[in-house]
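The values are calculated or read from the model by the stated rules, or taken from the named source; none is laboratory data. This is a predicted model, so every value here is computed, not measured. As a convention, Cβ positions derive from the backbone with ideal geometry for all residues, glycine included, and neighbour counts pool all protein chains shown. Keep in mind that these areas ignore ligands, DNA and RNA; they rest on the heavy atoms of the full protein, side chains included. Shrake-Rupley method; radii C 1.70, N 1.55, O 1.52, S 1.80 Å.
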Amino acid sequence: MNYYLDVETTGLDELHDKIITIQYMELERNTGKPVGPLKILKEWESDEKTILKRFIEDFVPENDWAFVPIGFNLQFEHKFLWQRCISNGLQPVDILKGPFLDLKTIAVLMNKGEFKGASLHNITNKPHSGSNIPNLYFEKKYEEIENYVKNETDEFSKFCIRLYEEMPQLLENMKK
């Protein structure tokens, strides 16, 4: 099954910063449309180790096709999930060992091969990057973090669905 996957963190250093949310949502395989609810695992309701364990339970790492991650810059999620599992005494999760779809590559191509400017907030109606999430977390503005996560998920979903709709036509045009 395909799943949108994203995390929010207290910073960019997987050794010292922690994961504060893990969010995922099942997507229909042939359309990219959401078919399940958005799950947001929140560190502030338990702790980082607990949300990692919960994710691992749903992730089913021994079956590559049970959880096919679709995201935007999955390298970031991978390095944090891997290291934060180790830091919490858990078996590390490798979300990139099996099939996955990273839409960041498509955004770079849409941006004429430039990485700068190919962020989700630059190519969708997402209002801003997540750079303020650590401050919101330290200020205990959890509702604002949840709203950000939901908005980001909506914008990612729209982008993904549009790619599923338009990419087959591009393929047909390439064959001509």
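In sequence order, region 32-39 has phi-based couplings of x, 6, x, 10, x, x, 6, 9 Hz under the Karplus curve 6.51 cos²θ - 1.76 cosθ + 1.60, θ = phi - 60°, and Gly or Pro positions carry x. Averaging the Cα positions of each part gives two centres, and for region 77-113 and region 1-60 these lie 12 Å apart. Listed by chain and number, the aspartates and glutamates whose C-alpha is less than 12 Å from the C-alpha of Lys140, apart from same-chain residues fewer than 8 away, are Glu43, Glu45. Among Ser131, Ser46, Ser87, the largest mean-square fluctuation in a Gaussian network model of the chain, built with springs joining Cα atoms closer than 10 Å, belongs to Ser46. In summary, the lysines within cross-link reach of Lys97, defined as a Cα separation below 26 angstrom excluding same-chain residues under 8 places away, comprise Lys18, Lys33, Lys39, Lys42, Lys49, Lys53, Lys79.
Between Gln169 and Met1, the FRET efficiency estimated from the beta carbon spacing at R0 = 30 angstrom works out to 0.70. Can you tell me which of Phe76, Phe67, Phe115 moves the most in a GNM of the chain? Springs connect C-alpha atoms under 10 Å apart. In the Gaussian network model the winner is Phe115.
Taking 0.36 nm per residue of sequence separation and removing the Cα-Cα distance, the Lys97/Lys112 pair yields an extension gain of 2.6 nm. For Lys176, a cut-off of 21 angstrom between C-alpha atoms picks up no lysines at all, skipping any fewer than 8 places away in its own chain. Among the listed options (i) 75, 34, 33; (ii) 37, 33, 30; (iii) 54, 36, 28, the one matching Cα extents along the principal axes in Å as calculated from these coordinates is (iii).
Ligands, DNA and RNA left out, the 1.4 Å accessible surface of region 1-156 is 50% carbon and sulfur atoms. Accessible surface computed residue by residue for the chain, with neighbouring protein chains in place and a 1.4 Å probe, gives 56 Å² per residue. Close amide H contacts of Ile20 (hydrogens built in the peptide plane, cut-off under 5 Å, sequence separation of 5 or more or a different chain): Glu8, Thr9, Thr10.
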